[in-house]
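Asker: Take a look at this one; I'll ask things after.
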Amino acid sequence: MADERMDEERLDLEEADLSEQAQLYEHFRIAADQGQMPLRVDKFLFEHLQHSSRNRIQKAAEAGFIHVNDHPVKSNYKVRPGDVVTLMLDRPHYDDTIEAEEIPLTIVYEDDDLMVVNKEAGMVVHPGCGNYHGTLVNAVAWHLRNNPDYDPNDPEVGLVHRIDKDTSGLLVVAKTPNAKTKLGAQFFNKTTHRSYNALVWGNFVEDEGRIEGNIGRDPKDRLRMEVFPPDSDIGKSAVTHYRVLERFGYVTLVECVLETGRTHQIRAHMKHIGHPLFSDERYGGTEILRGERTAHYRAFVQNCFKLCPRQVLHARTLGFVHPITGKQMDFTSEWPADMAQVIDKWRHYFMNRNNEIS
């Protein structure tokens, strides 16, 4: 949760209008401890707002947004023991209270302790910067609005894991603190089973494989993840296993099983080994990376992009032990229509191409 709070402060700072304002609002406050050595305030804040750039902090100070003991200071002010440093921005801090919203949900399974939902592509899982409404969490809050024991703003209940906005598929929601604790332990101990289906660019020589590489934020693009060597100090360790399900010459349908659950893990790992997900704009999958140079082929691929204008990735299976009954629970969801149509088009294209060659 600390990282999430720091992310919010970073985004507040990046989006602030760095100009003089008549009214400012407190977004961050920290008191220097009694052992604090004299340190420039821009460096002091840079160390405590780990996802903000020092340059941006300096600009905020120039605009009068950095205060010490209720007075604006410049970047070169030296923080001393007992100083109270605040970040004051030009708008109120966003109220992140989760409200119930009447949004359709596809519920695969539900009992008194948990529910399994099949998220559609395009739905954000949890409120965040730029997506404060219309999320899966808001929809779950509406569905459980008459349950007196479910508080959507209580971190001890709710989503146990997440998937990307434009990824479809299965997620489990805990209705009680006991269920979330036990389900969370299963995810942490890697005893759950999750598999994804993905359409990726290129043909694999092997039928199955393993990808290992740390995943961390791309230093050139904060919205994209990058893969770093497993023995490096950058990012978090990540392992993806894949298996070929069907080959279409220029693209391949694969099953991916995760040992870890890092942000954009499949997307970043597949990009790393030269097989970006088909139609994944952020990772280069909306370029025509394999195939023929004919106008007919280019038109075919562009038509596929239009049918499924998002990464072709679906969380197909989910398995875990029920936190209360101890029963093994296994779920499978069908491909959504956009994904099924694109795969079917590639299947027919590949079959017709082989027939022409033979």
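The values are calculated or read from the model by the stated rules, or taken from the named source; none is laboratory data. Bear in mind that the values here come from a model prediction, so they are computed numbers and not experimental data. Positions of Cβ are generated from backbone atoms using ideal geometry, with glycine treated the same way; all protein chains shown enter the neighbour counts. For accessibility, only protein heavy atoms count, side chains too; no ligands or nucleic acids. Shrake-Rupley method; radii C 1.70, N 1.55, O 1.52, S 1.80 Å.
Asker: How much area per residue is accessible in the chain when the probe is 1.4 Å and only protein heavy atoms are counted (Å²)?
Answerer: That works out to 52 Å² for each residue.
Asker: Something else now. Quick check: the angle from helix 177-188's long axis to the longest principal axis of the chain, C-alpha only, nearest 10 degrees?
Answerer: 70
Asker: Just to make sure I understand: if all protein chains stay in place, what is the order of VAL108, VAL125, VAL205 by accessible area at 1.4 Å, largest first?
Answerer: Highest to lowest solvent-accessible surface, that is VAL205, VAL108, VAL125.
Asker: May I pose another question? Helix 337-357: angle to the longest alpha-carbon principal axis of the chain, degrees 0 to 90, nearest 10?
Answerer: Tilt relative to the chain: about 40 degrees.
Asker: Moving to a separate point now. Rounded, prolate or oblate: which fits region 20-170, taking a ≥ b ≥ c as square roots of the Cα gyration tensor eigenvalues, rounded meaning a/c under 1.5, else prolate when a/b beats b/c?
Answerer: Verdict is prolate for region 20-170.
Asker: Continuing with the same structure: Viscosity 1.002 mPa s, temperature 20 °C: Stokes-Einstein D of region 223-358 from its Kirkwood Cα radius, in µm² per second?
Answerer: Calculated translational D: 126 µm²/s.
Asker: Related question: Whole-Hz Karplus ³J(HN,Hα) for region 69-83, in order, using 6.51 cos²θ - 1.76 cosθ + 1.60 and θ = phi - 60°, x for Gly and Pro?
Answerer: My calculation for region 69-83 gives 6, 6, 10, x, 10, 8, 4, 8, 4, 8, 6, 10, x, x, 4 Hz in order.
Asker: Once phi is turned into ³J(HN,Hα) by the Karplus curve 6.51 cos²θ - 1.76 cosθ + 1.60 with θ = phi - 60°, what whole-Hz value does each residue of region 149-160 show in order, with x for glycine and proline?
Answerer: For region 149-160, the Karplus curve yields 8, 9, 10, x, 9, 8, x, 7, 10, x, 4, 9 Hz.
Asker: Suppose we keep just the DSSP beta bridges with both residues in the chain; what percent of those would be antiparallel, to 5?
Answerer: DSSP beta bridges in the chain are roughly 95 percent antiparallel.
Asker: Now for a separate question. Show the residues, 5+ positions off or on another chain, whose built amide H is closer than 5 Å to the amide H of LEU39.
Answerer: VAL79
Asker: Leaving out ligands, DNA and RNA, and with a 1.4 Å probe, what % of the accessible surface on region 113-155 is carbon or sulfur?
Answerer: Solvent-exposed carbon and sulfur of region 113-155 make up 44 percent of the total.
Asker: Here's a follow-up. Which whole-number percentage describes the relative contact order of the chain, with Cα contacts under 8 Å and a sequence gap of 6 or more?
Answerer: 12
Asker: Checking the table LYS271/LYS306; LYS78/LYS220; LYS119/LYS190; LYS180/LYS327; LYS119/LYS182 against a 19 Å threshold on Cα-Cα, which pairs fail?
Answerer: Long pairs (Cα-Cα over 19 Å): LYS271/LYS306; LYS78/LYS220; LYS119/LYS190; LYS119/LYS182.
Asker: Shifting gears a bit: Report, to one decimal in Å, the Kirkwood hydrodynamic radius for the chain based on all distinct Cα pairs.
Answerer: 23.1
Asker: Near the amide H of LYS236, under 5 Å away, which other amide H atoms are found, from residues 5 or more places off or on another chain, if H is placed in the peptide plane?
Answerer: ILE215, GLY216
Asker: Amide H neighbours of GLY202 under 5 Å, counting only residues 5+ apart in sequence or on other chains, H built in-plane at 1.01 Å?
Answerer: Amide H to amide H, under 5 Å and 5 or more residues apart or across chains, GLY202 pairs with VAL251, THR252.
Asker: A follow-up question, please. Taking DSSP loops as anything outside H, G, I, E and B, show the longest stretch in the chain free of trypsin sites (Lys or Arg not before Pro) there with at most 10 other beta carbons within 10 Å.
Answerer: 1-219
Asker: I need the shape label for region 116-190. Rule: rounded when a/c is under 1.5, else prolate if a/b > b/c, else oblate, with a, b, c from the alpha carbon gyration tensor.
Answerer: It is oblate, given that a/c is not under 1.5 and a/b is not larger than b/c.
Asker: Now a separate question. Through the Karplus equation 6.51 cos²θ - 1.76 cosθ + 1.60, θ set to phi - 60°, convert the phi angles of region 253-259 into ³J(HN,Hα) values in whole Hz; use x for Gly and Pro.
Answerer: Going residue by residue, I get 8, 10, 9, 10, 10, 9, 7 Hz, with x marking Gly and Pro.
Asker: Sticking with this one: In deg cm²/dmol and to the nearest 500, what is the mean residue ellipticity at 222 nm of the chain if only DSSP H runs of at least 4 residues count, each as -39500 (n - 2.57), divided by the residue total?
Answerer: Computed mean residue ellipticity for the chain: -8000 deg cm²/dmol.
Asker: What angle, in degrees between 0 and 90 and rounded to the nearest 10, separates the Cα long axis of helix 295-307 from the longest principal axis of the Cα atoms of the chain?
Answerer: The two axes meet at around 60 degrees.
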